[in-house]
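Asks: For reference, the structure I am asking about is given below.
The values are calculated or read from the model by the stated rules, or taken from the named source; none is laboratory data. Small disclaimer: the values here were computed from a predicted structure and weren't measured. Here Cβ is always computed from backbone atoms with ideal geometry, including for glycine, and neighbour counts include all displayed protein chains.
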Amino acid sequence: MGSKDDLSDNQDPRESLGVERDARVRRRNYGRPAVDIYSTDVEMVVLADMPGVQKSDLDVTLEKDELVIEGRVAGREESESALPWGYHRRFRLRTNFDRDRIRAGIRGGVLRVVLPKAVGERSQQVPVD
Amino acid sequence: MSEEKKTASGRGALAELKQAVTGLFDQVVGLAPDFGFRREFPKHELQVEDDGYQAFVEIPGLRRDEVEVSISGRALSITGERPRFRPPADARMIRSERPSGEFTLAIRLPAEVDAAAVAARVRDGVLEIKLPKPRAGRGRSVDVGADEASRAAEEPSSHERPGPKEDSARMPWEDGPAES
């Protein structure tokens, strides 16, 4: 890991700037989801454990160089659950991705975001003499 | 409502040893320093409800048939294994945080439940186990010594659908809705 990574965690303390008050309240008791992230020649894939999150309560956004994943677990706040009421995490991307082809889905509480790399970012095979 | 973190002795210790061995590989590659994930995973909670308890166990990515739930007296036990994530051959891992390996969870219930009425399902990666109180313990009291006939008369006629009800370890589980 280092500057060559395709992304890094974004723990910018300004994170709540510009966020509506309601949204901030809603983030109480949110957890930071564990992730597996891998990169291939053509894409980067983020898998995040977000148990309890349904598709309709999921938000995945890419703004400039920042990928934000957020999901609410329905019913947890109402029952004052000790388990996370939702999940939130931000990543700073260091690679250019093909924004139009990014796709995300959640299944069984596991979020999967596929970020295809922009053509210019794909590594080139260099023949070695 | 408290989060139970108890590990059963005896059988639990054996399971831990087994897990320690199988978890070695994860440890070597730095996924589970100090076996921490065994305490962290799976996260769970026991909620007290009017008619019993409900246990929630977070098992993202696992299906109902990949976890085993059993109850014996007040001991609720959940075991399973989360397979290690395998990226494509040409992939380079950037983060490896999601826990994997075998897990055993032992939850001591505050009181006995109606073992035959216990039902479990997995929804969005959360195992939900309903643990109803024994009927006599619910709501209005039932006369001690009431015979079977009079007790049956009190039961609502349209009761839960009949099914094979085994009395001990194995439960008649309900499966959650299929996830597409």
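Asks: Hey, could you check segment A:31-45 for residues that are within 7 Å of chain B (Cβ to nearest Cβ) and among the acidic types (D, E) and say which is farthest from the chain's Cα centre (by Cα)?
Replies: A:D41
Asks: Please verify whether segment B:116-130 includes one or more residues that are surrounded by fewer than 17 Cβ atoms within 10 Å (Cβ to Cβ) and modelled with pLDDT under 95.
Replies: Checking segment B:116-130: at least one residue is surrounded by fewer than 17 Cβ atoms within 10 Å (Cβ to Cβ) and modelled with pLDDT under 95.
Asks: Checking B:E58 against (1) modelled with pLDDT of 60 or more; (2) within 14 Å of another protein chain (Cβ to nearest Cβ); (3) farther than 16 Å from B:F103 by Cα: exactly one of these is not met. Which one?
Replies: (3)
Asks: Here's another thing I want to ask about it. Taking the criterion of being modelled with pLDDT of 50 or more and out of contact with any strand residue (DSSP E or B) (no Cβ under 7 Å at 6 or more places or on another chain), would at least one residue in segment B:95-111 satisfy it?
Replies: yes
Asks: Step by step: first the residues of segment A:88-107, then only those that are buried (at least 18 other Cβ atoms within 10 Å of the Cβ) and within 21 Å of B:R63 (Cα to Cα), then the one that is nearest to the other protein chains (Cβ to nearest Cβ). Which residue is that?
Replies: A:I106
Asks: Right, here's the next one. Please name all residue pairs, on different chains or six or more residues apart, with Cβ atoms under 7 Å, provided the first residue is in segment A:46-65 and is away from every other protein chain (no Cβ under 14 Å) and the second residue is among the small types (G, A, S).
Replies: A:D59/A:G71; A:V60/A:A104
Asks: Oh, and also: Being touching an Asp or Glu at 6+ places or on another chain (Cβ under 7 Å) and over 30 Å from A:D41 (Cα atoms) is the requirement here; does B:G101 meet it?
Replies: When the stated conditions are applied, B:G101 does not pass them.
Asks: With segment B:61-129 as the region, which strands (runs of 3 or more DSSP E) entirely inside it contain at least 2 residues that are within 14 Å of another protein chain (Cβ to nearest Cβ)?
Replies: Of the strands (runs of 3 or more DSSP E) lying wholly inside segment B:61-129, those with at least 2 residues that are within 14 Å of another protein chain (Cβ to nearest Cβ) span B:75-82, B:92-96, B:101-108, B:119-123.
Asks: Can A:E80 be described as buried (at least 17 other Cβ atoms within 10 Å of the Cβ) and of a type outside the set (G, A, S)?
Replies: Answer is no for this residue.
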